[in-house]
Amino acid sequence: MTKIKVFSAPMAGVSDYPFRQILRQFGNQILFSEMIGVETLVHAHPKTLKMMTFQKEDNIVVQLVGANPKHMAKAAAIVSDLGVVGIDINMGCPVKKLIQNHSGAMLMQDQDLACRLVEFVKKSTALPVSVKTRLGWENSQDILSFAPRLVSAGADQIEIHARTKQMGYSGKANWSALKEIKLPVPLVVNGNIENSTSAQMALEQSGAEAVMVGRALLGHPWLLTEIETGSYPKIKMQDLILCHLDLLLSHYGHAGLYVVRKHLAWYASHKKGVAKWREKMYLEENEERLKNLIKDFWEE
């Protein structure tokens, strides 16, 4: 079986250093960081600086989000010195805060600004520059003119979430809408890719060179390797989850106890008795007692 080229998608509040370390237990694919706001980065906001752990890692692409070309370029220059392998520009996130700031998916509505952002970043770094976007605002045909403009501005790769901004994360991703896009750079398809079968279908229907996996990784951090190789890795869930908790506690301190709750809910989503266990888990404030709850629930 031919290996499928697969990337992890940048997920806000998820793709942090501990999560990437868990993904690394299964393979060495290129991982995208959670999106980093260029305004908070250039102004050295402590929370943003906490995210800058990239010197410790291999094969990391940093995703930046913003709408100021000069600040985007400065942020790109900063992260270029941290050993990363690429810089990605977010032009697809549909959340209201980014739309109001004229960034994220709003850049599809201002293609001139979008291209200036790419041009400024290209001038500030020797690293490959990619763009993650969507099919369009409402019309899935928008990408046919947008993607070539981004490449002309200097983008070295385009990743497309095969939904429009108005769809958000609902409805079925339209992989075949990418088939008409002809670019001289790699095209990556994203959206509704949940296993090896859907990854292969997405590649066939889109004509893309690679796939990007996002929400399907939640609770299934081995999925990149499963898709890449077509084989299911051997997993001991209890050890994996306890390791994830320890990484979060090491990175965030006691606050890791609260960050881990969403991950525990994802890990446990298909288990019997999860509702009652989840209630106990959400109320637990003690690290050792939480570890015991995990051990009891995932007794293997």
Legend entry - Choice from 137, 266, 222 showing the highest fluctuation, given a GNM over the chain with Cα pairs closer than 10 Å: 266
Inset, instruction - Quick one: of 3/123; 50/262; 132/165; 5/272; 74/97; 50/236, which pairs are farther than 24 Å apart, Cα to Cα? - result: 3/123; 5/272; 50/236
Legend entry - Structure-derived Cα extents along the principal axes in Å - corresponding label in (i) 60, 50, 45; (ii) 48, 44, 32; (iii) 56, 44, 32: (iii)
Inset, instruction - Quick one: angle between helix 274-283 and the longest Cα principal axis of the chain, in degrees between 0 and 90, rounded to 10, please. - result: 90
Inset, instruction - Compare 147, 155, 126 in a GNM of the chain, Cα atoms joined below 10 Å, and give the one with the largest fluctuation. - result: 126
Inset, instruction - Before rounding to the nearest 500, sum -39500 (n - 2.57) across all DSSP H runs of length at least 4 in the chain and divide by the residue total; then give [θ] at 222 nm in deg cm²/dmol. - result: -12500 deg cm²/dmol
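Within a 10 angstrom radius of the beta carbon, how do 289, 24 rank from fewest other beta carbons to most? Show your work: numbers first, answer last.
Details: 289 11, 24 16.
Listed from fewest to most nearby Cβ atoms, that is 289, 24.
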Inset, instruction - Please identify, among 44, 268, 114, the residue showing maximal mean-square fluctuation in a Gaussian network model of the chain using a 10 angstrom Cα cutoff. - result: 44
Legend entry - Degrees between helix 237-252 axis and first principal axis of the chain (Cα, 0 to 90, nearest 10): 70
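A short reminder: the numbers here are calculations on the coordinates, not readings from a lab. Since the structure is predicted, the reported quantities are computational estimates derived from the model, not experimental observations. Note that each Cβ is placed from the backbone with ideal geometry, even for glycine, and that neighbours are counted across all protein chains shown.
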